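Structure first, commentary second.
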Amino acid sequence: MKGRYFIIAAMALCLSGSGCRDFLDQEPDKILTNDQVYGDPNLIKSVLANFYERVSRGKTPDDKDYDWGQRPGGDLYDFTRLDEAIRYDFDNINQFDRNRWRTYDYKLIRNINQFLQGVKETKVLQESEKRPLEGEARFIRAWCYFNMCRTLGGMPIVGDEVFVYTPGMDITAIQYPRATEAETYDYIISECHAIADMLPAEKNKNSSRANRWTAKMLEARAALYGASLAKYNNQMASPIQTPGREVGIDASKARDYYQKALDAAQYVITNSPYVLQDKRPENKARNFYEAVCVKDNNSEVIWARDFSYPGQTHGFTKSNLPTTLAQDADGNYLSVLLNLVEEYEPVNTTTPGQGSKFEVGTLSSPKFYESADAPFKARDPRLGGTVMYPGSFFVGAEVVLQAGHLNEQNGQWVKREGDSYTSGNGPFYDPSKRLVNKTGFGIRKFLDETPSAGTIGRGSEMWEPHFRIAEAYLIVAEASLELNGGANTITVNAINAVRARAGVQPLTTVTFDNIVHERRVEFAFEDQRYWDMLRWRLADKAWNGSQSNEKSTRRGLWPYRVVSPGDPNNGKWFFEEKDMSFIYPNPLKFELKNYYSELDNSWLNNNPKMVKNPFQ
């Protein structure tokens, strides 16, 4: 083994199929030598557990925690950066942070390469035991490269090397130039393809460890990203690229990438034990929530970052419960935007596969609904599994969202707002009033129904899914669309499988816009939309910073109960679209420079062979 290193062996995750305590019987917190670590099977597994923890929350080069994207156990502010949700207090941010989810972790890659050497040389494991551990470590390494590549483009590929610096040596030998963006995706794809058969084919407890199907899903996703960039970046008026193609993939590579994505995703659908979860066909909204959020007997989630009480929980539920259902001194952090809600199509629409606006009328000519939930129950049931809308329920308790009363005076309708007329949950206009809903919609996905999960003392065990079988179907649909067209049987059947489970009408032909729509409503808040918009090169067009562009602005839909005794509409509900500029005054503005993060000057100083990204 090259050199000698020390490692803090600390149990970070629950990884085994039989529970945390079986995975790691001892939990040392002291510094150990290589000989000690690789002389004990339990400590070897503890090192692997540490890797899973590090790719879950991420690490900066100076070991500060950060997130590699949106996740319930991470920074909730991440969920407010797009057109899905806002937080409950004022935010005048006026541009995207190109480095927000930047990933650069060669310390982790070096540690994984050390681990691979240690596992190879250890005498305490049989060869049959080493093989799956090597496969898991290589998967985690590939996942790290994937997260780097989608934020930075092509980066140095060091293979299995463990560089050891000695004073006076020529360091240029260990300074690798950046690989091209295509070479980096090729490496991720080839690694996942190579390790698939090294990994077990069966499920493990709470999908917390990589298995064969996790590797194939990353293979499919990486190939889809490469294909999208090869096609859509080159359709821009000025493609974003560097002279050495560290950023930018040749258009000729698109078809091969789409084929690899199609093959890998179809392999998962055909051969894996995972199926689209449809255990509650009589209640599709509940079914969707359980398919994403409930661990017990889950057939849908392929890989997730798991949490377990006691030991590891998070505060997502505590921070997002409605005020009237709060279990602690917090709540309503996220208010879901109408921008997202209206993407969930009416079940009886004449234009399946696309969203539509709600019919609300105007104050002078209002449209009345019999109940607070009437406009929303008629929509794609995935809405009910994703969003808390007026009149929805959480663990048997109704979520009352009410902005005020609508009264009739002298033949005209008048709104009454304020504490005397609103519900305890809001929505409420005062931007300084925290812990109150602002848009008329709260988040449902990832809220934990476990008793006391919304308290500081206990916290939530809600997992963070990375891969679901639904993604395999939508990768097939997208790749087949690009290869074979929208009327192709494979294309149509794949997207309709997901739509049938959801409870919406099938499509007879598929368009690119149908793919964009389907992924948005299926994967809301699952760290997919931002990266989709980047790989399709749609982000700068949709979020162009214009107040006249509804995709750039944030909007809500406020409910008012009709209080007018004697009027036939008394007790009904009226809804009014609201501009959220009172709390988020600046529209979303995504610039071309935001498609790739910056390379930090310290990285460039340490390795002059690396070139800067465009717009840097």
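A short reminder: the numbers here are calculations on the coordinates, not readings from a lab. Please read all numbers here as calculations on a predicted model, not as lab measurements. Cβ sites come from the backbone with ideal geometry, for glycine too, and all protein chains shown count toward neighbours.
Remarks
- FRET efficiency, D35 to D160 (Cβ-Cβ, R0 22 Å, nearest 0.05): 0.60
- For the chain, the 222 nm mean residue ellipticity estimated from helices alone, with every DSSP H stretch of n ≥ 4 adding -39500 (n - 2.57) and the total spread over all residues, rounds to -10000 deg cm²/dmol.
- Take 226-238, 168-180, 503-515 and order them by the average number of nearby Cβ atoms within 10 Å per residue, most first; the result is 226-238, 503-515, 168-180.
- Taking amide H positions as modeled 1.01 Å from N, with prolines and chain starts lacking one, the residues under 5 Å from W303 and 5 or more places away or on another chain are H466, F467.
- Note on segment 36-188: Lys pairs 8 or more places apart or on different chains, Cα atoms under 24 Å apart, count 11.
- What the Cβ-Cβ distance of T350 and D197 gives, at R0 = 45 Å and to the nearest 0.05, is a FRET efficiency of 0.40.
- Under 20 Å of direct C-alpha separation, and excluding same-chain neighbours fewer than eight residues apart, K260 reaches these aspartates and glutamates: E181, E183, D186, E191, D197, E219, D250, E471, E478, E482, D532.
- In a DSSP loop and with at most 15 other Cβ atoms within 10 Å, the trypsin sites (Lys or Arg not before Pro) in segment 345-416 are K357, K367.
- With 10 Å bins from 0: P(r) over segment 467-544, alpha-carbon pairs, percent: 19, 53, 26, 2
- Cα gyration tensor shape for segment 122-242, rounded if a/c is under 1.5, else prolate or oblate: oblate
- Residues in segment 572-584 carry Karplus couplings, in order, of 7, 10, 10, 10, 10, 5, 10, 7, 8, 5, 5, 10, 10 Hz; the curve used is 6.51 cos²θ - 1.76 cosθ + 1.60 with θ = phi - 60°, and Gly or Pro positions show x.
- Each residue of segment 97-108 was assigned a 3J(HN,Hα) from its phi angle through the Karplus expression (A = 6.51, B = -1.76, C = 1.60, θ = phi - 60°), giving 8, 5, 9, 4, 10, 4, 10, 7, 9, 6, 5, 5 Hz with x at Gly and Pro.
- Cα gyration tensor shape of segment 270-344, rounded if a/c is under 1.5, else prolate or oblate by comparing a/b with b/c: oblate
- Karplus 3J(HN,Hα) series, Hz, for segment 68-85 with 6.51 cos²θ - 1.76 cosθ + 1.60 (x for Gly, Pro): 8, x, 5, 7, x, x, x, 6, 4, 4, 4, 6, 9, 7, 10, 9, 10, 7
- Order of H193, H314, H466 under a 10 Å beta carbon neighbour criterion, fewest first: H193, H314, H466
- Beta bridges by DSSP in the chain, antiparallel share as percent, to the nearest 5: 90 percent
- One entry in [x] 44, 27, 24; [y] 61, 32, 23; [z] 36, 33, 26 is semi-axes √(5λ) of the Cα gyration tensor in Å calculated from the shown coordinates; its label is [x].
- With a cut-off of 17 Å on the backbone N, the residues of segment 296-328 near the modelled label site 7 Å out from V395 along Cα-Cβ are 296, 308-310, 313-328.
- Amide proton proximity set for A179, modelled H, under 5 Å, gap of 5+: M155, I157
- Around the amide H of Q402, modelled in the peptide plane, lie the amide H atoms of S423, N425, G426, all under 5 Å away and 5 or more residues distant in sequence or on another chain.
- Among the GluC sites (Glu not before Pro) found in segment 223-305, those both in a DSSP coil and sparsely packed, with 14 or fewer other Cβ atoms within 10 Å of their Cβ, are E282.
- Of the GluC sites (Glu not before Pro) in segment 173-205, those whose Cβ has at most 12 other Cβ within 10 Å and which sit in DSSP loop: E202
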